[in-house]
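Reading through the structure tokens given below for one structure.
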Amino acid sequence: MVKKYYLKGAAILISYKLNSSEVDCKCDNERCFYTLVDNNLLGLWSLFRAKWGKPVTISSGFRCQTHNASEVVKGSKKSRHTIGSALDLVLPKKDKEEFIALAKKYFPYVIDDYKTFIHVDVRD
């Protein structure tokens, strides 16, 4: 899989209706200065977002290892977020089931057992 690096906070348009800052790591670690994103994830995002046709909030995109292991996140050591291959998408207030069904059409891996978001990712 091809991955791209972006300077954290650069706010560059990287895909359809997706700014690099939306997938930046949420930590305040001064050593965390880049964002890593998988090209396949961006391609699937573009298709999904265009078909959904409404704004989508990303609650978590790329995570540096430090933030992923923090008490706030408690992420898996093998989290797809740490390699730029996952997004957590906030569920809309309306049409939740339609949103989840559409995500399952476009992303090869979807976890939908959270109350407020779904996890989508691409696998090698």
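Out of (1) touching a helix residue (DSSP H, G or I) at 6+ places or on another chain (Cβ under 8 Å); (2) part of a helix (DSSP H, G or I), what's the single condition that is false for residue 62?
With (1) touching a helix residue (DSSP H, G or I) at 6+ places or on another chain (Cβ under 8 Å); (2) part of a helix (DSSP H, G or I) applied to residue 62, the lone miss is (2).
Taking the stretch 46-59 only, how many residues are part of a loop (DSSP other than H, G, I, E, B) and over 12 Å from the mean Cα position of the chain (by Cα)? Even if it seems obvious, please write down each step before you answer.
The first filter runs over the stretch 46-59 and keeps only residues part of a loop (DSSP other than H, G, I, E, B), leaving 53-57.
Those left that are additionally over 12 Å from the mean Cα position of the chain (by Cα): 53-55.
Residues flagged as part of a loop (DSSP other than H, G, I, E, B) and over 12 Å from the mean Cα position of the chain (by Cα) within the stretch 46-59 amount to 3.
Starting from residues that are basic (Lys, Arg) and buried (at least 16 other Cβ atoms within 10 Å of the Cβ), keep the ones in the stretch 34-85 and report whichever is nearest to residue 18 (Cα to Cα).
Looking only at the stretch 34-85, we keep the residues that are basic (Lys, Arg), and these are 49, 51, 54, 63, 74, 77-78, 80.
Adding the requirement that they be buried (at least 16 other Cβ atoms within 10 Å of the Cβ) leaves 49, 63, 80.
On the way: 49: 9, 63: 17, 80: 19 Å.
Top of the filtered list is 49.
What are the residues in the stretch 47-91 that are touching a residue at least 12 places away in the same chain (Cβ under 8 Å) and charged (D, E, K, R), if any?
Correct list: 49, 51, 54, 63, 80, 88.
Could you please give the count of residues in the stretch 68-113 that are among the hydrophobic types (A, V, I, L, M, F, W, C), modelled with pLDDT of 95 or more, over 23 Å from residue 2 (Cβ atoms) and part of a helix (DSSP H, G or I)?
Step one: filter the stretch 68-113 for residues among the hydrophobic types (A, V, I, L, M, F, W, C), giving 69, 72-73, 83, 86-87, 89-91, 99-103, 107, 110-111.
Filter once more, keeping what is modelled with pLDDT of 95 or more: 83, 86-87, 89-91, 99-103, 107, 110-111.
Filter again for over 23 Å from residue 2 (Cβ atoms), leaving 90-91, 99-102, 111.
From what's left, part of a helix (DSSP H, G or I): 99-102.
Counting residues in the stretch 68-113 that are among the hydrophobic types (A, V, I, L, M, F, W, C), modelled with pLDDT of 95 or more, over 23 Å from residue 2 (Cβ atoms) and part of a helix (DSSP H, G or I) gives 4.
Do you know which residues across the stretch 5-33 are in contact (Cβ under 8 Å) with a residue 12 or more places away in the chain, part of a strand (DSSP E or B) and exposed (fewer than 15 other Cβ atoms within 10 Å of the Cβ)?
5, 7
The values are calculated or read from the model by the stated rules, or taken from the named source; none is laboratory data. What you see is a predicted model; the values in this text were computed from it and never measured. FYI the Cβ positions are ideal-geometry reconstructions off the backbone, even for glycines, and counts take in every protein chain you see.
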